[in-house]
Amino acid sequence: MKRAEEFLPLSQATYYILLSLREVRHGYGIIKDVEEISHGEVSMGPGTLYGALGKLEKQSIITKSKEIKGDRRKFYELTFLGKEVLLLEFKRLNSLVDNAKEYIEQLEGENNDNKEV
C-alpha cells in the first residue's frame with residue numbers, strides 16, 4: 001500500500017479537487033466548488049475533471065460514494081488515504097510560504113526602495 005507522501009506534490013487542480021471533496025459531491029458540484037474556493041483562479045472542464053477523478057480513484061485517494069436511487073450522477077468522497085494526502089499537501093504548501101515569507105518581504109522592501117529613487 002502506498003504512503004500519502006508518495007503522491008506529493010499535487011497539481012493545483014488536484015489539490016482543489018481533493019479540497020472540494022471535504023464533503024461528498026458529484027462532478028458538476030466539484031467544478032462549481034473548485035471555482036468558489038479558488039476565488040475563480042481555477043476553473044476546469046468536464047474532461048479535465050473526470051480524467052483527474054479516474055486517476056485519483058485508481059490511486060485509492062477517492063472513491064465513488066453510495067449511489068442515490070434514481071440519480072444517474074456519480075458522487076465521490078475522499079478515502080482515509082485521500083484525507084492524509086490533502087493534509088500533507090496543505091502542510092507542505094504552508095511550509096513553503098512560511099519559509100519564504102521573510103525573504104519575500106525583504107524583496108518587496110527592496111522594490112519599494114528602488115521606486116523612491
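The values are calculated or read from the model by the stated rules, or taken from the named source; none is laboratory data. Quick caveat, the model's predicted, so the values are computed rather than measured. With ideal geometry, Cβ positions are generated from the backbone for all residues, glycine too; neighbour counts draw on all protein chains shown.
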Here the qualifying pairs (Cβ atoms under 7 Å; residues six or more apart or on different chains; first in region 90-106 and within 24 Å of Ala13 (Cβ to Cβ); second of a type in the set (A, V, I, L, M, F, W, C) and surrounded by 10 or more Cβ atoms within 10 Å (Cβ to Cβ)) come out as Arg92/Leu8
Would you pick out the residues in region 69-83 that are out of contact with any strand residue (DSSP E or B) (no Cβ under 7 Å at 6 or more places or on another chain) and surrounded by fewer than 16 Cβ atoms within 10 Å (Cβ to Cβ)? Lys69, Gly70, Asp71, Arg72, Phe80
Taking the conditions exactly as written (loosely packed, with under 14 Cβ neighbours inside 10 Å and either free of Cβ contacts under 8 Å to residues at least 60 places away in the same chain or β-branched (Val, Ile, Thr) (or both)), does Gly40 satisfy them or not? yes
Please give the number of the condition Tyr15 fails out of (1) among the aromatic types (Phe, Trp, Tyr); (2) touching a residue at least 40 places away in the same chain (Cβ under 8 Å); (3) closer than 23 Å to Arg72 by Cα. (3)
In region 2-31, what residues are more than 19 Å from Ser65 (Cα to Cα), among the polar types (S, T, N, Q) and either in a helix (DSSP H, G or I) or in contact with a Cys (Cβ under 6 Å, 6 or more places away or on another chain) (or both)? Gln12
Examine region 68-83 for a residue that is touching a Phe, Trp or Tyr at 6+ places or on another chain (Cβ under 9 Å), in a strand (DSSP E or B) and not acidic (Asp, Glu), and state whether such a residue exists. no
Does Val34 satisfy the criteria of being touching a Phe, Trp or Tyr at 6+ places or on another chain (Cβ under 7 Å), of a type outside the set (Ser, Thr, Tyr), over 14 Å from Glu84 (Cα atoms) and not in a helix (DSSP H, G or I)? no
If you check Val85 against the conditions, is it out of contact with any Ser or Thr (no Cβ under 7 Å at 6 or more places or on another chain), more than 22 Å from Glu6 (Cβ to Cβ) and either at pLDDT 95 or above or among the aromatic types (Phe, Trp, Tyr) (or both)? no
